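Undergrad: A single structure is presented below for examination.
The values are calculated or read from the model by the stated rules, or taken from the named source; none is laboratory data. None of the values given here were measured: they were computed from a predicted structure. Note: ideal-geometry Cβ built from the backbone for every residue, glycine included; neighbour counts use all protein chains shown. Accessible surface is based on the protein model in full, side chains and every heavy atom, while ligands, DNA and RNA are left aside. Shrake-Rupley method; radii C 1.70, N 1.55, O 1.52, S 1.80 Å.
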Amino acid sequence: MRVSRWGRLSGVLLAGMLAVTLGLGPAPGAEKLKVGFVYVGPVADAGWTFAHDQGRRYLEGHANVATTKVESVPEGADSERVFTDLARKGYRLIVGTSFGYMDPMVKVAGEFPNVAFVHISGFKRAKNLATAFGRIEQPRYLTGLVAGSMTKSNIIGYVAAHPIPEVVRGINAFTLGVRATNPKATVHVVWSNTWYDPGQEKEAAESLLSIGADVLAQHQDSPAAIQAAAAHGKYAVGYNSDMSKFGPKTFLTAPVWDWGPMYLYFAKKVEAGTFAGEDVWWGMDRKVVDIAPIGPMVPAALKTMVMAKRTAMIAGKFNEFAGPIKDQNGKVRIAAGSALGDSAQLMMNWFVDGVVGTVPTK
Amino acid sequence: MSPVTAAVLAAAVRAGTPVLFATLGEIFAERAGVLNLGVEGMMLASALAGFAVTARTSNPWIGAAAAAAAGGCLSVIHAFLSVTLRANQVASGLALTIFATGMSAFLGRGYVGVPGSGFQSAPIPLFAQIPVLGPVLFQQDPLVYLSYAAVPVAWYVLYRTRWGLEIRAVGEQPEAADAMGVDVARVRYACVIAGGVLAGLGGTFLSTAYTSMWIENMTAGRGWIALALVIFATWDPLRAVVGAYLFGGVNALQLHIQATGTSLPTYLLLMAPYVFTIVVLVIATQETARKRLGTPAALSVPYSRTG
């Protein structure tokens, strides 16, 4: 095909303009770091994903970054597509916030060696894939102190998601707290076998209330247990974020997440070019976990005691898993003078003395 | 009776109610020969509709009406595809569920994590004082009482009215019904829509009575359980009650067993209703047993007069 003179001329002009545009683009140094977040649920779940999105907002306010989020991404093959897509679009730091993203993230991290990946709650790492989590057991212990003091029936209910070490560890830390303020109290565990089924969680809560529990705690992502407790005028300890609006008169407190500082840490590492496939497990001292404001029904003396314990934990002077700790059968699992190590915590599949319930064995 | 036993039975009724509504609805659709796999989606969408309208009007009854309307409207899609266009009913129903799941998640964003209001427990005077049945049956919320009424009404309509005869005729022998002057398409539309309305009530029960919140996917498979219970109930509204409460009761029982700290393996218990469903399915495939169980002969077969 013969190209006219005007056509050729306009082609040259176009090419020239393109070159100018590219040349005048922002200097590489001032470029914002693009950070992508992949969530397993909706941001407004008032729980797990909400907490992560608060972290994303914190990051935007504290670093020169541009962030995006992809909500409600199912674990498995679907997530792989989302991670690949983000990596292709130039996101240099990609965060996945659910355990089930582990294998897809390992795969995508292998395909994009120049992109940094952070997997929350996983254990598989690579040069450009770090794993991160927080010691939520610390504030859980503190909520246990509150629950133990507030119970009158000495029966505390715990609505628990799945019998995995993360949840078992939380139940144990909570129970150790309960027994520290009330050695007569027991913690009754009901497994809902779901993370997120309000109907089932409500029913689990009801079953605990019917056996006389007057304080409920939970390791679930919906506020159904808090609502159920509030409907009966009983106290509740939440999880993930301050859920007091679901039981304004009965919400005691909750172990909560604050992912912001951790995300800032990783963003700074990527900017400095020092990102590594490390395992980050922070506690209250690094602010990633904490306890929600304690409700007005809790006596001031108890609040003071809990906050003193919190200070001791932050200073590293108190370890919730320090021995002597007995299991349900009275056998000493952690000897006096020693504390449970990280790897033993990651594999915890036994209940401490004071828990009523069983960890289903495979 | 010990309070714990009463609590388990009351929980059985409570947990069974949403699936009971949906099962009754699906019985109507299937009795008319239309399999609707969109139950889960219709329940979800109407759970959102019920919650949203209740939140705006502060009146759960208006919310329930909106939920029933939402379920009904969605079911029209399935009726149009499977009755008018004679599309594959399995594909159409699945598409409806997938569509409604996504749509409710999208439209419901603003309502997630918002504390809602809804139906309160309303003990019926006098009845609530009956020793055993009182706390179990008559200290529930109004939607549960509505489900009590829906069961005999559904049974009466199906077995004791001319409409019911037409519905069953259309589900068994659409050609014969057509020859007798029954408008097959009209009956099927009506039944599918009735199914949608009832699924809608089940949905709104979840978001305004059982709990008062909306979150994505909160039906958590109850629509699929309803589909299994239709077979369990052998297409009979009275037996649907047994199935729904058994399903709710078994689950409540295993939670209570856990709460009391007894270490019984509860997995077998949880499987029981489904094992029975499989047994019914096996029997239902036998030609002689099929008639007695009530499987509609023309189930999931599109009808067209020309052949």
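Undergrad: Convex hull volume of the Cα atoms in chain B, per residue, in Å³?
TA: Considering the Cα atoms of chain B, their hull volume per residue is 139 Å³.
Undergrad: Can you pull the mean other chain C-beta count within 10 Å for peptide B:213-219? Don't skip to the answer; put the middle values down first.
TA: Details: counts 8, 2, 13, 7, 5, 6, 2.
The shielding value for this peptide is 6.
Undergrad: Next question. Ratio to report: Rg/Rh of the protein assembly as shown, with Cα atoms as the point set and Rh obtained by the Kirkwood method; give two decimals. Please report the intermediate quantities before stating the final value.
TA: Working: Rg = 28.5 Å, Rh = 27.3 Å.
Across the protein assembly as shown, the Cα-based Rg/Rh ratio is 1.04.
Undergrad: Any idea what the dipole of chain B comes to, in debye rounded to 20, about its Cα centre with Lys/Arg Cβ at +1 and Asp/Glu Cβ at -1?
TA: Computed charge dipole of chain B: roughly 160 debye.
Undergrad: If you don't mind, there's one more thing I want to ask. Exactly which chymotrypsin sites (Phe, Trp or Tyr not before Pro) in segment A:235-319 are in a DSSP loop and have at most 15 other Cβ atoms within 10 Å?
TA: Here the chymotrypsin sites (Phe, Trp or Tyr not before Pro) that fit, given the DSSP loop and packing criteria, are A:Phe318.
Undergrad: Using just the C-alpha positions of segment A:64-144 as equal point scatterers, what log10 of I(q)/I(0) does the Debye formula give at each q in 0.15 1/Å?
TA: -0.53
Undergrad: If the cut-off is 25 Å between C-alpha atoms, which lysines fall inside it for A:Lys184, apart from same-chain ones fewer than 8 positions away?
TA: Cα-Cα hits under 25 Å: A:Lys152, A:Lys234, A:Lys303, A:Lys309, A:Lys326, A:Lys331.
Undergrad: Can I ask one more? Using a 1.4 Å probe, what is the accessible area per residue for segment A:211-362, in Å²?
TA: Averaged over the residues of segment A:211-362, the accessible area is 44 Å².
Undergrad: Out of the DSSP beta bridges found with both residues in segment A:224-362, what percent are antiparallel (nearest 5)?
TA: So the antiparallel bridges in segment A:224-362 amount to around 70 percent.
Undergrad: Additional query: Mind checking which lysines have their C-alpha under 19 Å from A:Lys34, skipping anything on the same chain fewer than 8 residues away?
TA: Straight-line reach from A:Lys34, under 19 Å: A:Lys69, A:Lys89, A:Lys268, A:Lys269.
Undergrad: Another question about this same structure. Which order do A:Thr68, A:Thr175, B:Thr57 take by accessible area at a 1.4 Å probe, largest first?
TA: B:Thr57, A:Thr68, A:Thr175
Undergrad: Compute the acute angle (0 to 90°) between the alpha-carbon long axis of helix B:267-284 and the principal axis of greatest extent of the alpha-carbon atoms of chain B; round to the nearest 10°.
TA: Long axis of B:267-284 versus the principal axis of chain B: about 20 degrees.
Undergrad: Among B:Ala194, B:Asn251, B:Thr161, whose Cα lies farthest out toward the positive end of the dipole of chain B, if unit charges sit on the beta carbon of Lys, Arg (+1) and Asp, Glu (-1)?
TA: B:Thr161
Undergrad: Considering only DSSP beta bridges where both residues belong to the protein assembly as shown, give the percentage that are antiparallel (nearest 5).
TA: 15 percent
Undergrad: Now for a different question. Restricted to Cα positions, what overall size does chain A have along the principal axes? Three whole-Å values, descending.
TA: Per principal axis, max minus min of the Cα coordinates gives 94, 44, 43 Å.
Undergrad: Now for a separate question. If the only charges are +1 at each Lys and Arg Cβ and -1 at each Asp and Glu Cβ, what is the size of the charge dipole of the protein assembly as shown around the Cα centre, to the nearest 20 debye?
TA: 900 debye
Undergrad: For a quick check: with amide H placed at 1.01 Å from N, whose amide H comes under 5 Å from A:Val280's, ignoring anything fewer than 5 positions away on the same chain?
TA: A:Thr131, A:Ala132, A:Phe133
Undergrad: From the phi angles alone, apply the Karplus equation (6.51, -1.76, 1.60; θ = phi - 60°) to segment A:240-250 and give each ³J(HN,Hα) in whole Hz, x where the residue is Gly or Pro.
TA: Result, rounded to whole Hz: 6, 8, 5, 9, 4, 5, 8, x, x, 8, 10.
Undergrad: List the residues, sorted by chain then number, that are 5 or more residues from A:His188 or on another chain and whose placed amide H is less than 5 Å from its amide H.
TA: Here A:Ile156, A:Gly157, A:Tyr158, A:Val356 satisfy the definition.
Undergrad: In terms of the Cα gyration tensor, with a ≥ b ≥ c the square roots of its eigenvalues, is segment A:221-348 rounded because a/c is under 1.5, prolate because a/b exceeds b/c, or oblate?
TA: The shape class here is oblate.
Undergrad: Shape call for segment A:313-362 from the C-alpha gyration tensor, a ≥ b ≥ c root eigenvalues: rounded (a/c under 1.5), prolate (a/b greater than b/c) or oblate?
TA: Note, shape of segment A:313-362 comes out prolate.
Undergrad: Just how large is the dipole of segment A:119-256 about the Cα centre, in debye to the nearest 20, putting +1 at every Lys and Arg Cβ and -1 at every Asp and Glu Cβ?
TA: In total the dipole reaches around 460 debye.
Undergrad: Relative to 2.2 N^0.38 Å, what does the C-alpha radius of gyration of segment B:1-154 come to as a ratio? Two decimals please.
TA: 1.18
Undergrad: Just the number: Rg to Rh for segment A:278-362, Cα atoms, Kirkwood Rh, two decimals.
TA: 1.02
Undergrad: Then there's this: What average number of partner chain Cβ atoms lie no more than 10 Å from the Cβ of the residues making up A:353-359?
TA: Per-residue shielding by partner chains comes out at 3.
Undergrad: On a 0 to 90° scale, report how tilted helix B:222-232 is relative to the longest principal axis of chain B, with both axes built from alpha carbons and the result rounded to the nearest 10.
TA: Roughly 60 degrees, rounded to the nearest 10.
Undergrad: Let me ask you something else. Under 16 Å Cα-Cα from A:Lys124, which lysines qualify once same-chain neighbours fewer than 8 residues away are excluded?
TA: Result set, ordered by chain and number: A:Lys107.
Undergrad: Specify which residue in the list A:Leu208, A:Val108, A:Ala272 is farthest towards the positive end of the charge dipole of chain A, using unit charges on the beta carbon of Lys, Arg (+1) and Asp, Glu (-1), about the Cα centre.
TA: Of the candidates, A:Ala272 comes out farthest on the positive side.
Undergrad: Just the projected area, averaged over all directions, of the convex hull on the alpha carbon atoms of segment B:103-231: how many nm²?
TA: Averaging across all directions leaves 10.8 nm² for the Cα convex hull.
Undergrad: Could you pull out every residue, at least 5 positions away or on a different chain, whose amide H is within less than 5 Å of the one on A:Arg333? Hs are placed 1.01 Å off N in the peptide plane, and Pro or chain starts have none.
TA: A:Ile325, A:Lys326, A:Asp327
Undergrad: Work out the charge dipole of segment A:63-214 with +1 on the Cβ of Lys and Arg and -1 on the Cβ of Asp and Glu about the Cα centre, then indicate which of A:Ser149, A:Gly96, A:Asn64 is farthest towards its positive end.
TA: A:Asn64
Undergrad: Relative to the first principal axis of the alpha-carbon coordinates of chain B, what is the inclination of helix B:142-160, with its axis defined by its Cα atoms, in degrees from 0 to 90 and to the nearest 10?
TA: The answer is roughly 30 degrees.
Undergrad: Convert each backbone phi in segment A:146-156 into a coupling constant with the Karplus relation 6.51 cos²θ - 1.76 cosθ + 1.60 (shift: θ = phi - 60°), then list the ³J(HN,Hα) values in order as whole Hz, x for Gly and Pro.
TA: 5, 4, x, 6, 8, 6, 9, 7, 6, 10, 10
Undergrad: Determine how large the accessible area of B:Asp178 is when every protein chain is in place; take a 1.4 Å probe and give Å² rounded to the nearest 10.
TA: 20 Å²
Undergrad: In the calculated pair distance distribution of segment B:183-307, what percentage of Cα-Cα distances lie above 25 Å?
TA: Result: 41 percent of Cα pairs exceed 25 Å.
Undergrad: Which ³J(HN,Hα) values, rounded to whole Hz and listed in residue order, are derived for segment B:247-254 from phi using the Karplus coefficients 6.51, -1.76 and 1.60 in 6.51 cos²θ - 1.76 cosθ + 1.60 with θ = phi - 60°, glycine and proline given as x?
TA: Coupling constants for segment B:247-254: 4, x, x, 4, 5, 4, 4, 5 Hz.
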